[in-house]
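*Asks:* So that we are looking at the same thing, I have put the structure below in structure tokens.
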Amino acid sequence: MTAAKTLEDLGWPTLVDHWAKRCATRRGEAHVRTSPLFESIDDARARAAEITEARKLSSLAAPLPLGSISDIADAIARVRKSAALDAPELVAVATTGRSLSRLRAHLREHVAVASRLATRGEAISDLGHVYHPILEAFDADGRLVDHASDALGPLRRALASIKAQLEKSMSGLLTDERFAPYLQDAYYTQREDRYVLPIRTDGKGFVHGIVHGTSQSGQTLFIEPEEIVDLNNRAKLAEAEVLDEERRILAKFSGWVAEEADAFEAALATAETLDVIAAAAIMGDDTISAEPILDDAPRIALLHARHPLMLLAERRCVANDVTVAAGATLLISGPNAGGKTVALKTVGLAALMARAGLHLTAESGSAMGWFPDVRSDIGDAQSLENDLSTFSGHMVNLRELLATAGSGSLVLIDEIAVGTDPEQGAALAQAVLEALADRGVTAIVTTHYERLKELGAVDQLPPGQATDHPSKFANASVGFDLARLEPTFKLHLGVPGSSGALAVATRMGISNAIVERARELMGPQIAKVEDLLASVADQRRRIEEERAALLAELEAAEAERAAARAFRERSQARFEKQTRAAHGETLAALKAARREIDEVRREVKARAAMATIDDVKDVTRRLAEPGSTVARLEPRRPALPGMPARPEQLTPGAPVIVPNLGRVEVVELLADDKVEVRVGSMRATVPIKDVLLDSHRNARRAGLETRAKAEARAEAGATGAPVQLVDGVPAGGRATARTLETTVDVRGHRVDEAVIQIDRFVDESLLAGRETIFVIHGHGTGALKKAVRAHLQTHKGIDKLRAGEPNEGGDGVTVAFLKG
């Protein structure tokens, strides 16, 4: 059982207040403020899992819909006693019922994400048969509508008709000569829900009727003229009938609610619990908390733990790792205002939050043991009312701790045994901690005592016990920045820390002379130890800062890599989308082109019997018109690598390009601005304006000749013998590299088939501007090889040929050099 003083010491009421303020319902808020902590670790684990599901729903933009759920417990209790609810109460009950049904439907819709919450939601019954008719019977202002019952509408219309007659009659009386002279003013009003006229007191005897009162001055009488008494009576009776019908309707609705009172109460209880869970989830998101591992063993293993109240107050908070073995004591030392007490309270609040099933303000993977009993001694225990000094107050608290704490207890002591002689206080503190450790108490203690720092540095186990067993005591310290003379609030496990009293004194403005004198009084050995501890802490701080900087750079690199990956994925998606769109457009265009071609084909067939060749050309010419789909889709021909030729450049043998014929060779310049060219074994006459100089081929041939001459000179230098060049190529006939494009394979063909295939390949190679071709004929009987070489020797497009070299296929290949 956790004492109220401990809850106050740790700030638990403040945390509960933050939690309660995030509730959406009054019942949920009251539950948070009054409900005790869980007694069972299984209940706490289940609650933590439910909070995780609620946070998942929020991350999916589907938080629990808890709005418009009112606290209708009092109304439900009243209908159980057969009382009739008034209109506002019924509207609240119906609105709440509708909100409860919406909550249940929401949980059913997201059962895959929040199965535990959905199971809770099944406790909410379907109350649509109750709240639907009630909501339909009221307007937006909470007033019963005319169709709330079959009788209400006619009754209200009858009342309205009577009131209209009354107002008409009263308006007429204002101008009636029997009443007008005696009116205090030209208006009529109501007294006791009956229409009256304001008559001066001197006209009382002249106006017959019922007096319903006087004005405050006594100068005016409010008289109901006898002419309208009957109409007023009828109006009162009509009003009574309307009110009776409205009361009957409200009683009927109240009866429906009473029939489902148990279902309403069960649904409200479920919504209350869900509201508590949702508020905890909101607080978890606000503090960037994580679901902890709840361990049966009383141990602590928090990763990057932060004080929740500092986070909720939006104050700077340093994250720290805190590890305490089950039954062990963590001794935290270091300078004042360095964060020792904050670390102490952080662990204490984490233990209480675990008991409540809340998520902890630490990283995922953090573990918190189950502590049914949390005890603390924090703050100044001085009490003037009880005649207790600071030391006496602490002794009272320690006495209670020693009397009640045991295995499974978490004890938190801030500045143990202070307020007395340091030597005696340190000895007493060690004795108390040893007694608590012997009982298996898990504790965290802050101190400045050197004796306790030494206690955490040695093994205090009984003799003969295994040395690999965890020690009962462990040191930790808060850091201090020697350069800035200020604490870092970073907790370092495993090492004690300097109290830094002299550094703090310097920071607070104590003169250097006094500080140095204090150092002398401490003695060289103690001062040296203090300086050593401070130096170690400072070096550790620098290493951690460098590590943090490296981690930041790594995270930045990871972020850039993730951004690049996301950009690639977006680009790929955009490319695929554009490809699909282009594919669809292409298919549509091809279909349109096919329709045009089909139309032309049908028209040609229709004219086939009587059409001339010119008619067919006219029909097919439509396919080449600019507006034609076929013409629009015709692939653009690549620009030929040539320049317009002048007549003096067209010498016999010059390589040229004719757009419709490709690469050809000039034979003879003719009259009428024409030239004869050779295409393979054929000749053609074309206009000079259509002829282009084959600049690409000329350049390539010039490069080949330059390279061949260089190779020839190199070979001559190596052998000392001149090398003869033929048309710029060494007499040996060096060929360009063999590729699929420059090779034709005629093996397995008859001689006539091989010759036809070779001629076709030579023509294609000439048009493509190739320099060399490779004919594979194999060895066989030698007949095909002999025939192929004989044919190539006489081919007008072949300059020379030779057998293939070993790396080209040997004698089974013939290498032919084409004429440029």
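The values are calculated or read from the model by the stated rules, or taken from the named source; none is laboratory data. Everything numeric in this text was worked out from a predicted model, so none of it was measured. Reconstructed Cβ throughout: ideal geometry from the backbone, glycine too, with neighbour counts over all protein chains shown. Please note that ligands, DNA and RNA were not included when accessible areas were found on the heavy atoms of the full protein model with its side chains. Shrake-Rupley method; radii C 1.70, N 1.55, O 1.52, S 1.80 Å.
*Asks:* Assuming 0.36 nm per residue, please report the length gained on full extension of the stretch Phe575 to Glu450 beyond their Cα-Cα distance.
*Replies:* On the way: separation 125, 0.36 × 125 = 45.00 nm, distance 7.00 nm.
My answer for the length gained is 38.0 nm.
*Asks:* Pop the C-beta distance of Ala46 and Arg565 into the FRET formula with R0 = 41 Å and round what comes out to the nearest 0.05.
*Replies:* Numbers: r = 39 Å, r/R0 = 0.94.
Approximately 0.60, to the nearest 0.05.
*Asks:* Right, here's the next one. Per residue, how many Å² of accessible area does the stretch 235-311 show with a 1.4 Å probe? Mind dumping the intermediate values first?
*Replies:* Values: 3020 Å² over 77 residues.
Roughly 39 Å² per residue, with all protein chains present.
*Asks:* Where the accessible area of the stretch 100-259 is counted over protein heavy atoms with a 1.4 Å probe, how much of it, in %, is carbon and sulfur?
*Replies:* Details: 4360 of 8820 Å².
Carbon-and-sulfur percentage of accessible area, whole number: 49.
*Asks:* First select every other residue whose beta carbon is under 15 angstrom from the beta carbon of Val276; then total the charges, Lys and Arg +1, Asp and Glu -1. Could the numbers behind the result be given before it?
*Replies:* Working: positive: Lys21, Arg22, Arg26, Arg27, Arg33, Arg47, Arg55, Arg116, Arg120, Arg355; negative: Asp17, Glu29, Asp43, Glu50, Glu53, Asp71, Glu272, Asp275.
Combined, the nearby Lys, Arg, Asp and Glu give +2.
*Asks:* So what's the net charge close to Val257: Lys and Arg +1, Asp and Glu -1, counting the other residues with Cβ under 13 Å from its Cβ?
*Replies:* Numbers: positive: Arg78, Arg80, Lys81, Lys252; negative: Asp74, Asp86, Glu89, Glu259, Glu260, Asp262, Glu265.
With Lys, Arg at +1 and Asp, Glu at -1, the neighbours total -3.
*Asks:* Report the full-extension gain for the segment Asp193 to Ala457: residue separation times 0.36 nm, less the Cα-Cα distance, to one decimal in nm. Walk me through the numbers before you get to the answer.
*Replies:* Working: separation 264, 0.36 × 264 = 95.04 nm, distance 9.14 nm.
Working it through step by step, the gained length comes to 85.9 nm.
*Asks:* Still on this structure, please answer the following. Near Lys689, which aspartates and glutamates are there with a Cα under 17 Å away, not counting those fewer than 8 places off in the same chain?
*Replies:* Partners found: Glu648, Glu665, Glu668, Asp672, Asp673, Glu676.
*Asks:* Please give the contour-minus-distance gain from Ala337 to Ala790: 0.36 nm per residue of separation, less the Cα-Cα distance, rounded to one decimal in nm. Write out the running numbers ahead of the final one.
*Replies:* Working: separation 453, 0.36 × 453 = 163.08 nm, distance 10.57 nm.
Residue separation times 0.36 nm, minus the Cα-Cα distance, leaves 152.5 nm.
*Asks:* Still on this structure: Can you tell me the order of 250-258, 445-453 when each peptide is scored by its average per-residue count of other Cβ atoms within 10 angstrom, highest first? Please report the intermediate quantities before stating the final value.
*Replies:* Details: 250-258: 19.1, 445-453: 22.7.
Result, highest mean Cβ count within 10 Å first: 445-453, 250-258.
*Asks:* Tally Lys/Arg at +1 and Asp/Glu at -1 over every other residue whose Cβ is under 15 Å from the Cβ of Ser70; what's the total?
*Replies:* Details: positive: Arg26, Arg27, Arg78, Arg98, Arg102; negative: Glu29, Asp71, Asp74, Asp86, Glu89, Glu265, Glu272, Asp275.
Surrounding charge for Ser70 is -3.
*Asks:* Cross-link candidates for Lys340: which lysines have Cα within less than 29 Å, leaving aside residues fewer than 8 places away along the same chain?
*Replies:* Lys5, Lys453, Lys472, Lys490, Lys528
*Asks:* Another question, if that's okay. If the cut-off is 18 Å between C-alpha atoms, which aspartates and glutamates fall inside it for Lys236, apart from same-chain ones fewer than 8 positions away?
*Replies:* Candidates past the 8-residue exclusion: Glu167, Glu192, Asp193, Glu224, Glu226, Glu227, Asp244, Glu245, Glu246.
*Asks:* Here's another thing I want to ask about it. For q values of 0.10, 0.20 Å⁻¹, compute log₁₀ I(q)/I(0) with the Debye formula on a Cα-only model of the stretch 297-388, without solvent.
*Replies:* -0.30, -1.03
*Asks:* What is the calculated FRET efficiency for Ala588 to Arg683, with r their C-beta to C-beta distance and R₀ = 56 Å, to the nearest 0.05?
*Replies:* Once the sixth-power term is evaluated, E becomes 0.80.
*Asks:* I'd like the FRET efficiency for Arg547 and His304, computed as 1/(1 + (r/R0)^6) with the beta carbon distance as r and R0 of 22 Å, rounded to 0.05.
*Replies:* Numbers: r = 14 Å, r/R0 = 0.62.
That pair, Arg547 with His304, gives E of 0.95.
*Asks:* A further question on this structure: Quick one: what are the phi-derived ³J(HN,Hα) couplings along the stretch 352-357, Karplus 6.51/-1.76/1.60 with θ = phi - 60°, whole Hz, x for glycine and proline?
*Replies:* Running phi through 6.51 cos²θ - 1.76 cosθ + 1.60 with θ = phi - 60° gives 5, 5, 4, 5, 8, x Hz.
*Asks:* To the nearest Å, what is the center-to-center distance of the stretch 213-282 and the stretch 159-182, using C-alpha atoms only?
*Replies:* 31
*Asks:* Label points 7 Å out from Cα along the Cβ direction at Arg157 and Arg108: separation in nm?
*Replies:* That separation, rounded to one decimal, is 4.0 nm.
*Asks:* What distance in nm separates the simple spin-label points at Phe206 and Glu239, each placed 7 Å from Cα in the Cβ direction?
*Replies:* 3.0
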